[in-house]
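The values are calculated or read from the model by the stated rules, or taken from the named source; none is laboratory data. Source: prediction; values computed, not measured. Neighbour counts run over all protein chains shown; Cβ positions are idealised from the backbone, glycine included. Note: accessible area is taken over every heavy atom of the protein model, side chains too, but ligands, DNA and RNA are not part of it. Shrake-Rupley method; radii C 1.70, N 1.55, O 1.52, S 1.80 Å.
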Amino acid sequence: MMDAIIQVSAALIGTLAFGLIFNIRGKKLLVGALGGMLAWALFLLLGLWIPSEVARYFLVSVAIAGYAEIFARVLKTPTTTFVMVSLISLIPGSGLYYTVASALNGDLPQFLEKALHTLALAAALSLGIVVVSALVKHATAYRNKRKEQ
Amino acid sequence: MTTELLKTVVEIAVQMIQAGAEIHRVEDSICRIGTAYGAKRTDIFATTSNLIVSVEDTGGEVYTQTRRILSTGTDIERLDRLNALARHITATCPDAESIRRQLTAIASRNNRYPAWIYILACGICAAAFCVFFGSRAPWEILVALLVGCLTGLLIKLTEKFTVNRILARFFCSFAGSLLAIAALRIGLVQTIDTIIIGNIMSLIPGVGLTQSIRDLFIGDTFTAILRLIEAVLLALAIACGYVAAVLLMGGVAV
């Protein structure tokens, strides 16, 4: 439990710092950082029922993309603002490291396993974002069409 | 629509792309502006490295401009202001001089965090992710902070001297890894795994990858491919930087 609290707080601080790197200001910075915290809390929570990391990545990505769509409308900023920072803690940076490290150690089976796992995580993450943005886009197009009629 | 006006509109598009805008959003904004000024048709083809805008006015005259874009980054505040400016132009159709003034205001330094905040943010980011990925030793976190700050400083410096981005990432990763291995050698830290991961997190092109997939599904295949290749090359450069540092120092074993 203690570990989870430390991880979630680290995600909050890390995301906040990333927001500064991307030159995000004011309320948007706060919302982005809270999204980052939420993302990892959700990831850990889902771990109670879903053991697969890839599946959890996808679900968290969908949830945070939804969060981004909502706050983008509230704060009148592109959705990308929050999608980019709030999902930072899910970017498989450690996967990349362990892939390279096992290549350096000459451990081919582990290299393949890590590389595939890293790619799967990145794919799940991107897919979640795409699913939400496609849904929102079609929903908006449908609404505009009905308004015209 | 005059040549002068088109120049400023194209400048807005270029700056949006440089600040990291989604391509379809840029194309959409420019088309709206064209319609607002009464153009018969507006054609725009944008990628992250090139931009062509062609406008046909009511008299049948066609104006075309093309621009080469050399560097892109992520600057959300600038992007927000450019978006607001594009909406404002669509609504009120101001003259070229007034748009130019507002562009200068957006480019002003006041809209950017000072360099020291950027450098410190890189350090905090690396330290936070060092903890995030399981490090609990104070010295490790401190070294991660230093490594992150060094990376941030190098990114700022390479930006100033317009070093190729891929080469710049390689150097940042290389220098950060060297510092971490040095800390390991003098016995300051027991392991450098989480330090390096923290540094990777502040360098990794996660934005490029997700944006590329989004572009792909929206239909901007060309931009998607460009972004994907750039993201993969950047990730490889970061990995190579670490490998080069390890090989130079003769392994990571103490």
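Being within 19 Å of A:Leu119 (Cβ to Cβ) and either facing chain A (nearest Cβ under 10 Å) or surrounded by fewer than 20 Cβ atoms within 10 Å (Cβ to Cβ) (or both) is the filter here; which residues of region B:216-237 pass it?
Kept after step one, since they are within 19 Å of A:Leu119 (Cβ to Cβ), are these residues of region B:216-237: B:216-217, B:224-225, B:227-237.
Those that are within 19 Å of A:Leu119 (Cβ to Cβ) and either facing chain A (nearest Cβ under 10 Å) or surrounded by fewer than 20 Cβ atoms within 10 Å (Cβ to Cβ) (or both): B:Leu216, B:Phe217, B:Ile225, B:Leu228, B:Ile229, B:Glu230, B:Ala231, B:Val232, B:Leu233, B:Ala235, B:Leu236.
On inspection, B:Val189 passes the criterion of being farther than 18 Å from A:Phe22 by Cβ, more than 12 Å from chain A (Cβ to nearest Cβ) and at pLDDT below 90. Considering only residues that are away from chain A (no Cβ under 11 Å) and in a helix (DSSP H, G or I), look in region B:117-143 and name the one that is surrounded by the fewest Cβ atoms within 10 Å (Cβ to Cβ). Checking each candidate, the answer is B:Pro138.
Among the criteria (1) without any contact (Cβ under 8 Å) to a residue 12 or more places away in the chain; (2) away from chain A (no Cβ under 12 Å); (3) farther than 30 Å from B:Glu4 by Cβ, the one B:Pro114 does not fulfil is (2).
Residue check: is A:Arg73 of a type in the set (D, E, K, R), free of Cβ contacts under 8 Å to residues at least 24 places away in the same chain and either open to solvent by less than 40 Å² (accessible area, probe 1.4 Å) or under 22 Å from A:Leu12 (Cβ atoms) (or both)?
Numbers: of a type in the set (D, E, K, R): yes; free of Cβ contacts under 8 Å to residues at least 24 places away in the same chain: yes; either open to solvent by less than 40 Å² (accessible area, probe 1.4 Å) or under 22 Å from A:Leu12 (Cβ atoms) (or both): no.
No.
In region A:45-149, counting only helices (runs of 4 or more DSSP H) that sit wholly within it, the ones holding 1 or more residues that are over 14 Å from the mean Cα position of the chain (by Cα), more than 11 Å from chain B (Cβ to nearest Cβ) and β-branched (Val, Ile, Thr) span A:53-75, A:108-148.
One residue stands out among those in region B:78-106 that are under 20 Å from the mean Cα position of the chain (by Cα) and open to solvent by less than 20 Å² (accessible area, probe 1.4 Å): the one that is nearest to A:Lys27 (Cα to Cα), which is B:Leu79.
Quick grid of which residues meet (1) in a loop (DSSP other than H, G, I, E, B); (2) modelled with pLDDT under 90; (3) open to solvent by less than 70 Å² (accessible area, probe 1.4 Å); (4) outside the structural domain of B:Leu216 (by TED's automatic domain parsing):
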{"site": "B:His24", "(1), (2), (3), (4)": "no, yes, yes, yes"}
{"site": "B:Ile30", "(1), (2), (3), (4)": "no, no, yes, yes"}
{"site": "B:Ile44", "(1), (2), (3), (4)": "no, no, yes, yes"}
{"site": "B:Thr58", "(1), (2), (3), (4)": "yes, yes, no, yes"}
{"site": "B:Thr66", "(1), (2), (3), (4)": "no, no, no, yes"}
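Number of residues in region B:36-51 that are touching a helix residue (DSSP H, G or I) at 6+ places or on another chain (Cβ under 8 Å) and in contact (Cβ under 8 Å) with a residue 24 or more places away in the chain: the value is 8.
Do we have A:Ile6 as facing chain B (nearest Cβ under 8 Å) and either crowded, with 20+ Cβ neighbours inside 10 Å or among the polar types (S, T, N, Q) (or both) here? For A:Ile6, the condition - facing chain B (nearest Cβ under 8 Å) and either crowded, with 20+ Cβ neighbours inside 10 Å or among the polar types (S, T, N, Q) (or both) - is not met.
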